[in-house]
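Novice: Structure incoming, see below.
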Amino acid sequence: METADVIVIGSGQGGIPLAADFANEGRKVVLFERDALGGSCINYGCTPSKAFLAAAHTAGRANQGKKLGIHTEVEVDFPAVMERVREIRSSFNQGIRQRLESAGVKVICAEASFVGERTVKGGDVTLQAPLVIINTGTSSLIPDIPGLAGTPYLTNRNFFDLNTLPARLLVIGGGYIGLELGQGLARLGSQTHLIVRGDRVLGQEEADVSEVLAEALKQDGIGLHFGVNVNHVAHENNVFKLTLSSGEQLQGEALLVVIGRKPNTGALNAANSGIELDDKGFVKIDDQFHTTCSGVYAIGDAAKQPAFTHVSWEDYRRLKAILCGENRTRSDRVLGYAVYTEPQVGRVGMTLEQAQKQGINACAVTLPMSQIARAIEWGHDLGFYRMVIDSDTDKILGATLVGYETAELVHVFLSLIEAGATWQLLERSVHIHPTYGEALPSLARLLLGDNMPGCPNM
């Protein structure tokens, strides 16, 4: 059995920089990866999906130009779209490989499992180290629907291998992956239907966020089916046929299954190292990423951290600081995230409901996009800006932005909340006219009015 200073299991966006940093410091680092380097983000998550959406939203905006008096005929070269996506993915993947090689990290392309305390076996290699980091991520959760197994259904894992645009697409799931990829294929020309078990898309968001996105999806010609389950899947002659609990039947050349994620911990044999998992298979960690085994840490979504690349990367920074003696914790930064539909959803901090459930005397103000000059001028008037504040301290607690490129704009709030700023700071700011950002001080100025619902008189 060999020894190392550090073992990293999984090459996600937290594991890669940790391995490279430790190796650059002169430590012997071994990284196990059972699949392509880069984890889900590089290979079947952020990188390929946003490259794909660049094409899809370009086509969508061109088709919607008629409301501006612009009439176009869009011709989609789908094989070229997907080839570009895969080229970008390959380029990023090669960059990761070069980074690890340059740092001197030994990469073992095999599935890793614990065979003893802090002892890991992968392929024909068995290693022991005083420090082990689990960064194995998550994968698609597949429902037990009669007839589904054995059919060539899609997940986000194999979606980007498509070469032919399906004439009809069926999507099971109403979360952000289903919405992004479903709207994307619809904008490129697929007749698309979304099957949602609940009563709205993006069920974890505020109800009016769901309403705006449902309207946007309808404008793209997407069929929405709420409050139904899929009772049966059939696949014959390259066509899927879904039988819904409502009795309705839907047909399509492609089926995308995106109902959720599950942790990639099944093969770890974590108990062999005294590492406890929760009832869903996520690694149990404390506030500083310790597992129940001394010297073993877990980061990213395998440890039930929010499933975003920037969280995994921040987990790397937090854990590195902790191992260097700093007092960091797993949730010591303001969390923001985005959904890359069109319109986009930018979220940071707490919603009004979340704040009130924590006993905070909070209120919110909302400004519709239809009242923002730039949005009217550019024809992007679907959506709204919302800010949540603590009525006792005037501090900004959160924001929900639904509109054009709000994934960029939400960073204004992220920084303000991180700094502990009050709404008065935003209200005093002079933003450029005419921009989408100009509306943020306008949003704060709503608090200057009298009798705001749920807010104190200012």
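Novice: Just need log10 I(q)/I(0) for the stretch 141-260 at q = 0.10, 0.13, 0.17, 0.19 Å⁻¹, Debye formula, equal scatterers on the alpha-carbon atoms, no solvent, rounded to two decimals.
Specialist: Per q value, in the given order, log10 I(q)/I(0) is -0.26, -0.45, -0.79, -1.00.
Novice: On to the next question. Measure up K218/K241; K67/K218; K262/K284 against 18 Å on the Cα-Cα distance and list the ones that go over.
Specialist: Details: K218/K241 22 Å; K67/K218 16 Å; K262/K284 14 Å.
Going by Cα-Cα distance, K218/K241 fall outside the 18 Å limit.
Novice: Listed highest first by mean packing, meaning other Cβ atoms within 10 Å per residue, what order do 274-283, 174-183, 251-260 come in? Present the calculation step by step, with values, prior to reporting the outcome.
Specialist: On the way: 274-283: 15.6, 174-183: 23.4, 251-260: 20.2.
Ranking, from highest mean packing down: 174-183, 251-260, 274-283.
Novice: Please give, to one decimal in nm, the separation of the simple spin-label points placed at H232 and L68, each 7 Å out from Cα toward the Cβ.
Specialist: Simple spin-label model gives 4.9 nm for this pair.
Novice: Out of the stretch 95-141, which GluC sites (Glu not before Pro) are coil in DSSP terms and have no more than 16 other C-beta atoms within 10 Å?
Specialist: Working: sites: E101, E111, E117; in loops: E111, E117.
In loop regions of the stretch 95-141 (DSSP not H, G, I, E or B), the sparsely surrounded GluC sites (Glu not before Pro) are E117.
Novice: Can you pull the percent of Cα pairs in the stretch 77-154 with separation above 21 Å? Don't jump to the answer; show the numbers that get you there.
Specialist: Values: 1790 of 3003 pairs.
Roughly 60 percent, rounded to a whole number.
Novice: Still on this structure, please answer the following. Using 0.36 nm per residue of separation minus the Cα-Cα distance, give me the extension gain between S294 and Q424 in nm, one decimal.
Specialist: Numbers: separation 130, 0.36 × 130 = 46.80 nm, distance 4.69 nm.
Full extension of this stretch gives 42.1 nm more.
Novice: Measuring from label point to label point, each 7 Å out along Cα→Cβ, what is the D332 to H310 span in nm?
Specialist: According to this spin-label approximation, the distance is 2.0 nm.
Novice: Calculate the FRET efficiency for A149 and Q249 from the Cβ-Cβ distance with a Förster distance of 22 Å, rounded to the nearest 0.05. Walk me through the numbers on the way to the answer.
Specialist: Values: r = 20 Å, r/R0 = 0.90.
The pair A149/Q249 has a calculated efficiency of 0.65.
Novice: Relative contact order for the chain using alpha-carbon pairs under 8 Å, separation at least 6, rounded to a whole percent? Let's see the in-between values first.
Specialist: Numbers: 964 pairs, mean separation 60.6, N = 458.
This gives 13 percent for the chain.
Novice: Which whole-angstrom value gives the distance between the alpha carbon centres of the stretch 81-105 and the stretch 332-360?
Specialist: So the separation of the two Cα centres works out to 32 Å.
Novice: Can you give me the long-range amide H partners of V115? Hydrogens built in the peptide plane at 1.01 Å from N, cutoff under 5 Å, separation of 5 or more residues or another chain.
Specialist: Here the answer is V120, K121, since their amide H atoms fall under 5 Å of that of V115.
Novice: Rounded to the nearest Å, what's the spacing between the alpha carbon centres of the stretch 368-422 and the stretch 1-47? Just the number, please.
Specialist: After rounding, the separation between the Cα centres reads 37 Å.
Novice: Moving on. At 1.4 Å probe size, with the rest of the protein present, what percent of the exposed accessible area of the chain is carbon and sulfur atoms? Please list the in-between numbers first.
Specialist: Values: 9770 of 20280 Å².
Within the chain, the accessible surface is 48 percent carbon and sulfur.
Novice: May I ask what percent, to the nearest 5, of DSSP beta bridges between residues of the chain are antiparallel?
Specialist: Values: 47 of 77 bridges.
Within the chain, antiparallel bridges account for around 60 percent of the total.
Novice: Now, a different point. Once you have the Kirkwood Rh of the chain from its Cα pairs, apply Stokes-Einstein at 4 °C and 1.567 mPa s and quote D in µm²/s.
Specialist: Here the translational diffusion coefficient equals 54 µm²/s.
Novice: Whole-Hz ³J(HN,Hα) for each residue in the stretch 221-232, computed from phi via Karplus 6.51 cos²θ - 1.76 cosθ + 1.60 with θ = phi - 60°, x for glycine and proline: what do you get?
Specialist: 3J(HN,Hα) across the stretch 221-232, in whole Hz: x, 7, x, 10, 10, 9, x, 10, 10, 8, 7, 7.
Novice: What ranking do 314-322, 241-249 get when scored by the average of other Cβ atoms within 10 Å per residue, highest first? Before the final figure, lay out the partial values.
Specialist: Numbers: 314-322: 20.3, 241-249: 14.6.
For the peptides 314-322, 241-249, the packing ranking is 314-322, 241-249.
Novice: Give the lysines whose C-alpha is closer than 21 Å to that of K395, dropping any in the same chain fewer than 8 places away, or say none.
Specialist: Qualifying lysines at Cα under 21 Å: K357.
Novice: Obtain the nm distance between the two label points defined at Q128 and A207 by a simple spin-label model: each point lies 7 Å from its Cα along the Cα-to-C-beta direction.
Specialist: That separation, rounded to one decimal, is 6.0 nm.
Novice: With only alpha-carbon atoms in the gyration tensor, what are the semi-axes of the equivalent ellipsoid for the stretch 336-448, in Å, largest first? Show your work: numbers first, answer last.
Specialist: Working: eigenvalues 97, 48, 28 Å².
Whole-Å semi-axes of the equivalent ellipsoid: 22, 15, 12.
Novice: Leaving out ligands and nucleic acids, note down the accessible area per residue over the stretch 336-448 with a 1.4 angstrom probe, in whole Å².
Specialist: Computed with neighbouring chains in place, this is 42 Å² per residue.
Novice: Same structure, new question: Please list, or write none, the aspartates and glutamates whose alpha carbon is within less than 19 Å of the alpha carbon of K320, excluding same-chain residues fewer than 8 places away.
Specialist: Of all the aspartates and glutamates, those that pass the test against K320 - Cα under 19 Å, at least 8 places apart if same chain - are D5, D21, E25, D286, D287, D301, D332.
Novice: What order do you get for 70-77, 200-207, 392-399 when each peptide is scored by the mean count of other beta carbon atoms within 10 Å, highest first? Mind dumping the intermediate values first?
Specialist: Values: 70-77: 10.8, 200-207: 17.4, 392-399: 19.6.
Highest mean packing first, the order is 392-399, 200-207, 70-77.
Novice: Return one whole number: the accessible area per residue of the stretch 141-260 in Å², for a 1.4 Å probe. Spell out each step's value before the answer.
Specialist: Working: 5120 Å² over 120 residues.
Per-residue value: 43 Å².
Novice: How much accessible surface area, in Å² rounded to 10, belongs to the heavy atoms of K50 with a 1.4 Å probe?
Specialist: K50 has an accessible surface of roughly 70 Å² with all protein chains in place.
The values are calculated or read from the model by the stated rules, or taken from the named source; none is laboratory data. Keep in mind the model is a prediction, meaning the values are calculated, not measured. Because the Cβ atoms are built from the backbone with ideal geometry, glycine has one as well, and the counts that use them run over all protein chains shown. Surface areas here come from the heavy atoms of the whole protein model, side chains and all, with no ligands, DNA or RNA. Shrake-Rupley method; radii C 1.70, N 1.55, O 1.52, S 1.80 Å.
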